[in-house]
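What follows is a short report on a single structure.
The values are calculated or read from the model by the stated rules, or taken from the named source; none is laboratory data. Here the structure is a predicted model, which means the values were calculated and not measured. As a convention, Cβ positions derive from the backbone with ideal geometry for all residues, glycine included, and neighbour counts pool all protein chains shown.
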Amino acid sequence: MISKEDLYFFNQGRLYDAYRVFGAHLKKDDDGNQLGVEFTVWAPHAKEVSVLGEFNGYQAWVHNLSKVDSAGVWRLFVKDAREWHEYKYEIKTHDGRTLYKVDPYGYFSGERPQQMSKVYDLEGYEWHDGDYMAHRNDTTPYDTQMSIYEVHLGTWMTKPDGSYHKYNELVDLLIPYLLENGFTHVELMPVTEHPLDQSWGYQGVGYYSATSRYGVPKDLMYFVDRCHQAGIKVILDWVPGHINRDEHGLYMFDGEPLYEYQEEWKRENVVWGTANLDLGKGEVQSFLISNALFWMRKFHVDGFRIDAVSNIIYYLGDSRNGINDGAIHFLRSLSAQLFNEYPNGLLIAEDSTAFPGVTHPVHHGGLGFNFKWNMGWMNDTLEYFEKDPVYRKYHHSNITFGLEYAFSENFVLPLSHDEVVHGKKSLVDKMPGDYWQKFANYRALMGLFFTHPGKTLLFMGGEFAQMHEWKDHEELDWHLLEYPLHRAAQRFNRDMNQVVKYNPALYELDTKSDGFRWIDAQNADQSVFSFVRYAKDKNDFVVVVLNLTPLVHHNYRIGVPKAGRYHELINSDKDVYGGSNQYNGADMITDDVPMHGMAQSLQMLLSPLSISILKCGD
């Protein structure tokens, strides 16, 4: 039952458990017997609201909701409704139209192409991640390893007939794969209900409904539970900025703009075919902030990657339209509430703007995210690697420029699904040269990816160098693992994750400038880059050297931070990774020869199109 206090906070944008009072709630007696369902919906512009479903033969006139307040909240208890019954709201407008809408707060939906909500009881799942949950706030994400594997559950791996695996089936397929390959986090592309597979979930209609494509909500709980038991954090891709325009969804819910902007130019996102939500509206803020907390409270997820933040910060994503102050207030309120309950949760912005302070705390004037995708790094780096090595010396700054701003925000380095679709080619196919050179360039790219300051996010298939772009209607090209170069690519990425895991210098100071020092950023003519990564203990460091031409350099001298004996932790040119097997097999001992502003230096072999990581063993 909704109270006056609930309504007040709902209208103010401060009802942070709105799902408690809105939606379809199954009522039971003390013995667990179902008594019926209470339906509550917000539709202030409606003339009449009814509910139709299995419990009344889909005849809306049988069950008319009553308006319980002047703000437009409608309610009805239906004693014949039961769990699993499908339903929909019939809304009559003042101008004579009849609309049929799914429940904005519905917990479950009919399988596509059905356009119905289903009564579902979220209670009763027995969690087994207690130890994980008790300690997940013990460490901050800034100084721990974050190797994120971005997954589209429907096409990571399918059944032999091409149909989707269910959440509970993926448990025994995906989780062992994540562990074997060294990923610490899994990011799920949107798993909220959406009508069209090809939207990849970014045009949703059910913010509170785990999509029925992959099973029932408790199956998703089981998936998260098992991830946590394996020590893997779960991030959801979340889309609070814009909605699907299909007739049965939130769009024009009661016949007029309700969740979206009143003004057409702010509302209609013509490029994407979606409608922008009015994030400055109190009821929309209650809806969305409650939704984020819902997934964390009920499904134990560890955080969110928020899609299209530029479209939130600026009207229609265009700075010329001005800053959206209402949306900025929403983001700050979201951050405050999320981190109040989950201090070390994740709130990651997919943001292509230069808007300042995206990852700065709200109390310091920031937007309150704790990480932001480094789109500049991604664009510059891929542009560089796509060049023939003979021309790379003219684009040297593509690699070095990113360090000018690498610590202005807390960054995630994204090699995401957006970079391997729509004719952009897969990561390995972007690379120039013959087949061998493509893979050598690819390994060097991945080596830079893992050693550059910032956490890492890799889209599925990138870890074994899938040759084709992502095909959003079929599974990854797993057959490629029958070929040596693809198996070797997978091994290299797996080993790089292990190198990062066991070397705090590659993750502890990802967001701090004192964790990085160039050795030589100026060698454009040879396209060689060298730098040091430090741990919190500055005596713990690694030296990283990239040679991004096919030329081999013998006795190449670089400055190093301290005297001693250095050994090579990994070299991407080893034959086990598909390389030419030119590497530094013996330890390298420093000389008292100043170089690159350092008192000590050493000589090493620079393999072709490669990355080498050195460690001082004293």
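Tabulated values for the structure
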quantity: Search result, residues across the range 334-373 that are modelled with pLDDT of 95 or more and hydroxyl-bearing (Ser, Thr, Tyr); calculated: SER335, TYR342, THR359
quantity: Complete set of residues in the range 168-191 that are in contact with a strand residue (DSSP E or B) (Cβ under 8 Å, 6 or more places away or on another chain) and closer than 20 Å to ASP472 by Cα; calculated: LEU174, VAL186, GLU187, LEU188, MET189, PRO190, VAL191
quantity: Every residue from the range 528-547 that is outside any strand (DSSP E or B) and either in contact with a strand residue (DSSP E or B) (Cβ under 7 Å, 6 or more places away or on another chain) or without any contact (Cβ under 8 Å) to a residue 40 or more places away in the chain (or both); calculated: ALA535, ASP537, LYS538, ASN539, ASP540
quantity: Set ALA440, ALA406: member being buried (at least 23 other Cβ atoms within 10 Å of the Cβ), among the small types (Gly, Ala, Ser) and in contact (Cβ under 8 Å) with a residue 60 or more places away in the chain; calculated: ALA440
quantity: Matching residues, the range 360-375, being farther than 23 Å from LEU427 by Cα and surrounded by 21 or more Cβ atoms within 10 Å (Cβ to Cβ); calculated: LEU367, GLY368, PHE369, ASN370, PHE371
quantity: Subset of the range 576-610 (residues that are in contact (Cβ under 8 Å) with a residue 60 or more places away in the chain, touching an Asp or Glu at 6+ places or on another chain (Cβ under 9 Å) and not in a loop (DSSP other than H, G, I, E, B)); calculated: VAL576, TYR577, SER610
quantity: Elements of type helices (runs of 4 or more DSSP H) contained in the range 322-422, each with 1 or more residues being under 25 Å from GLN526 (Cβ atoms); calculated: 375-385, 397-400
quantity: Which numbered condition GLY32 misses (of (1) surrounded by 24 or more Cβ atoms within 10 Å (Cβ to Cβ); (2) in a loop (DSSP other than H, G, I, E, B)); calculated: (1)
quantity: Within the range 210-253, tally of residues that are in a loop (DSSP other than H, G, I, E, B) and of a type outside the set (D, E, K, R); calculated: 16
quantity: In the range 82-134, residue surrounded by the fewest Cβ atoms within 10 Å (Cβ to Cβ) [restricted to those that are among the acidic types (Asp, Glu) and not in a loop (DSSP other than H, G, I, E, B)]; calculated: ASP131
quantity: Matching residues in the range 574-589 - criterion: being in contact with a Lys or Arg (Cβ under 8 Å, 6 or more places away or on another chain) and not aliphatic (A, V, I, L, M); calculated: TYR577, GLY578, GLY579, ASN581, TYR583, ASP587
quantity: Residue match in the range 53-64 (condition: surrounded by 15 or more Cβ atoms within 10 Å (Cβ to Cβ), assigned to a strand (DSSP E or B) and either out of contact with any Ser or Thr (no Cβ under 6 Å at 6 or more places or on another chain) or acidic (Asp, Glu) (or both)); calculated: yes
quantity: Which numbered condition LEU551 misses (of (1) in a strand (DSSP E or B); (2) farther than 26 Å from ARG487 by Cβ; (3) not basic (Lys, Arg)); calculated: (1)
quantity: The range 376-403, subset among the hydrophobic types (A, V, I, L, M, F, W, C) and more than 22 Å from TRP436 (Cβ to Cβ), residue surrounded by the most Cβ atoms within 10 Å (Cβ to Cβ); calculated: TRP377
quantity: Number of the exception - ALA134 against (1) more than 27 Å from GLY249 (Cβ to Cβ); (2) out of contact with any Ser or Thr (no Cβ under 8 Å at 6 or more places or on another chain); (3) touching a residue at least 40 places away in the same chain (Cβ under 8 Å); calculated: (3)
quantity: Selection count, the range 195-209, where residues are of a type in the set (A, V, I, L, M, F, W, C) and either in a helix (DSSP H, G or I) or touching a Gly at 6+ places or on another chain (Cβ under 7 Å) (or both); calculated: 1
quantity: Within the range 181-203, considering residues that are surrounded by fewer than 24 Cβ atoms within 10 Å (Cβ to Cβ) and more than 15 Å from the chain's Cα centre (by Cα), the one farthest from GLU169 (Cα to Cα); calculated: GLN203
quantity: Given (1) of a type outside the set (S, T, N, Q); (2) under 36 Å from the mean Cα position of the chain (by Cα); (3) closer than 19 Å to SER527 by Cβ, number of the condition VAL576 does not satisfy; calculated: (3)
quantity: The range 244-257, residues that are of a type in the set (A, V, I, L, M, F, W, C) and surrounded by fewer than 23 Cβ atoms within 10 Å (Cβ to Cβ); calculated: MET252
quantity: Some residue of the range 412-419 being among the acidic types (Asp, Glu), surrounded by fewer than 18 Cβ atoms within 10 Å (Cβ to Cβ) and over 20 Å from the mean Cα position of the chain (by Cα); calculated: no
quantity: Pair list, Cβ under 6 Å, 6 or more apart: the range 261-275 residue under 15 Å from PRO240 (Cα atoms), other residue modelled with pLDDT of 95 or more and among the acidic types (Asp, Glu); calculated: TYR261/ASP278; ARG267/GLU260; ALA275/GLU260
quantity: In the range 526-573, residue farthest from LYS512 (Cα to Cα) [restricted to those that are under 32 Å from the mean Cα position of the chain (by Cα) and among the acidic types (Asp, Glu)]; calculated: ASP573
quantity: Matching residues, the range 448-471, being assigned to a loop (DSSP other than H, G, I, E, B) and either small (Gly, Ala, Ser) or more than 30 Å from ASN370 (Cα to Cα) (or both); calculated: GLY454, GLY461, ALA465, GLN466, MET467, HIS468, GLU469, LYS471
quantity: All positions within the range 329-344 that are crowded, with 17+ Cβ neighbours inside 10 Å and among the aliphatic types (A, V, I, L, M); calculated: LEU331, LEU334, LEU338
quantity: Subset of the range 476-506 [of a type in the set (A, V, I, L, M) and within 17 Å of TYR435 (Cβ to Cβ)]; calculated: LEU480, LEU481, LEU485, ALA488, ALA489
quantity: Residue identified as over 12 Å from TYR208 (Cα atoms), among the hydrophobic types (A, V, I, L, M, F, W, C) and modelled with pLDDT under 95 among VAL284, VAL271; calculated: VAL271
quantity: Members of the range 88-133 that are within 30 Å of GLY32 (Cα to Cα) and small (Gly, Ala, Ser); calculated: GLY106, SER109, GLY110, SER117, GLY124, GLY130
